[in-house]
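In what follows, a single structure is set out as structure tokens and then discussed.
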Amino acid sequence: MKIRCPWINNDPVMTEYHDQEWGVPVHDDSLLFEFLVLDGAQAGLSWTTILKKRENYRLAFDYFDPEKVSSYNDEKIGELIKNSGIVRNRLKIRSAVVNARALLDIQREFGSFDFYIWKFVGGMPIQNNWEKMEEIPSSTSESENMSSDLKKRGFKFVGPTICYAFMQAVGMVNDHIVDCFRHSELKR
């Protein structure tokens, strides 16, 4: 029997996400944008709620194509607010559009969002060795620096805690507890 991080609570959706995605380094700009939007949407909600709406988000947000999302107008935002398949929070929806525009600016400046965002961890995942979930911080100096820089560039819903959740999701940090089978797999 595999030992997993206890936060999955034997939920099949969370188990699949934990085993296949969480902590795996992501270098695709669209997928990075997807996680940034989803982590922002999660604010005040559970990750399980967001994961269960993920396919709806992909459909609603044109599979997180930043070019397309950046062109959303008030009419499109109004349609999204009526979409019961996503979190219908005007500020969170509008932030996805604002963030898409800011992400395109970063791509023009740095060549890719991937190159820009991974600089906050020196281009390599931080390998943590937590023994208990209680040891895992909700933010770090890296997530605080990321948050500060993203905000200066116009991003919304990118506080240090959201940035740290993003870093965990996209593999910028390995926060699987040491007993979890994924910890050693991702450490390699």
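The values are calculated or read from the model by the stated rules, or taken from the named source; none is laboratory data. Everything numeric here is computed off the predicted structure, so don't read it as measured data. Because the Cβ atoms are built from the backbone with ideal geometry, glycine has one as well, and the counts that use them run over all protein chains shown.
Things worth noting here:
- Residues of the range 21-49 that are of a type outside the set (S, T, N, Q) and assigned to a loop (DSSP other than H, G, I, E, B): E21, W22, G23, V24, P25, V26, H27, D28, A43, G44, L45.
- Residue among I126, I93 that alone is at pLDDT 95 or above, more than 30 Å from R4 (Cβ to Cβ) and β-branched (V, I, T): I93
- Close contacts from the range 11-23, counting a first residue that is farther than 15 Å from R188 by Cα and a second that is assigned to a loop (DSSP other than H, G, I, E, B) and among the basic types (K, R), with Cβ to Cβ under 8 Å and a gap of 6+ residues or different chains, come to T15/R4; H18/R4; D19/R4.
Per-residue answers, yes or no, for (1) under 23 Å from S147 (Cβ atoms); (2) at pLDDT below 95; (3) in contact with a helix residue (DSSP H, G or I) (Cβ under 8 Å, 6 or more places away or on another chain); (4) loosely packed, with under 15 Cβ neighbours inside 10 Å:
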residue: I8; (1), (2), (3), (4): no, yes, yes, no
residue: F33; (1), (2), (3), (4): yes, no, yes, no
residue: A60; (1), (2), (3), (4): no, no, yes, no
residue: E79; (1), (2), (3), (4): no, no, no, yes
residue: V87; (1), (2), (3), (4): yes, no, yes, no
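- The range 72-113, subset of a type in the set (V, I, T) and assigned to a helix (DSSP H, G or I), residue farthest from Q42 (Cα to Cα): I106
- Residue list for the range 38-53, filter: surrounded by 14 or more Cβ atoms within 10 Å (Cβ to Cβ) and either of a type in the set (G, A, S) or under 24 Å from F113 (Cα atoms) (or both): L38, D39, G40, A41, Q42, A43, W47, I50, L51
- Odd one out for T140, checked against (1) β-branched (V, I, T); (2) closer than 27 Å to E55 by Cβ; (3) surrounded by 17 or more Cβ atoms within 10 Å (Cβ to Cβ): (2)
- Cross-chain or 6+ apart pairs with Cβ under 7 Å, the range 76-97 first and of a type in the set (K, R), then part of a loop (DSSP other than H, G, I, E, B): K92/F157
- Residues of the range 117-165 satisfying the condition of being of a type in the set (V, I, T) and without any contact (Cβ under 8 Å) to a residue 60 or more places away in the chain: V121, I126, I136, T140, T161
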